[in-house]
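In what follows, a structure is listed as structure tokens, so that the remarks can point back to it.
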Amino acid sequence: MILGVFLWLALGAPLLAEVRPLAGGAEPLMTRSVGVARGSSASLFSDGAHFLARAPPLSDGPVPLRAPQGEVAQLLELIARAEAGAAGHDAVQHGARIPPPRAPTAMTLGEIHQWIAATPGQPHAIGRYQFIPPTLRRVAAEAGFSPGTRFTPEVQDALALILLEEAGLTAFRDGTLDRRSFMARLARIWAGLPLPNGRSHYEGQAGNRATMSWQAFEGGMARIWPAG
């Protein structure tokens, strides 16, 4: 319920249609490594080992969500720079030999998982935040999205907000989590983000590397939250 309220506040409007209050129990931040990122040997969105049960199917109609605003939107933009680059919400991991049949934002979640099932043995990180299959299933279930939900920019942002909260966004904004600790937690979720030594938390694992310097990451966070 707390996470549901967080999403309501971050998006600036109620989560309508297919979004229900989120299930309890956040995934541990210690995660398994993932494949290489789009662009070169860049990073992917790292995955965890605990998955929540899928929510009951909901309406397959459009999901009228608003884009995140203010500081949250700026943070998502910073993460997207490391993960998706210019491709944004339509990014697909460059190592996928068989790409999706359409742009990701034109596909439903069900169609994306059909593509994943039909193309084994290749990376499948997708979208602005480079969700890998288990993570995509888990956060979509937590948000209450059905297989018929289209993978729109608004839906992708809503899914990323779940992970921001798992990283401690509310605690950081409340002042109970310091900025460097919050940044370290973000880097344990998004492997393209660096640690203070400039390396990815998953450096060298399945080709992962930081795609942003520590100075750029720290400077970006300081611009969003000058007070730290």
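Packing, taken as the mean count of other beta carbons within 10 Å per residue, orders the peptides 82-94, 175-187 from highest to lowest as 82-94, 175-187.
In plain terms, the chain from Ala106 to Gln215 could stretch by 35.7 nm, reckoned as 0.36 nm per residue minus the Cα-Cα distance.
Probing with 1.4 Å while keeping every protein chain in the model, the per residue accessible area of segment 68-159 equals 34 Å².
Here the extension length gained between Arg97 and Arg66 equals 7.8 nm, from 0.36 nm per residue of separation less the Cα-Cα distance.
Can you send over the carbon and sulfur percentage of the accessible area for segment 133-201, probe radius 1.4 Å, protein chains only? Reported share for carbon and sulfur atoms: 45 percent. Close amide-amide hydrogen proximity is noted between Arg66 and no other residue 5 or more places distant or on a separate chain, at a cut-off under 5 Å (H modeled in the peptide plane; Pro and chain starts excluded).
The values are calculated or read from the model by the stated rules, or taken from the named source; none is laboratory data. Quantities reported herein were computed from a predicted structural model and do not represent experimental measurements. Note: ideal-geometry Cβ built from the backbone for every residue, glycine included; neighbour counts use all protein chains shown. Only protein heavy atoms, including side chains, enter the accessible area calculation; ligands, DNA and RNA are left aside. Shrake-Rupley method; radii C 1.70, N 1.55, O 1.52, S 1.80 Å.
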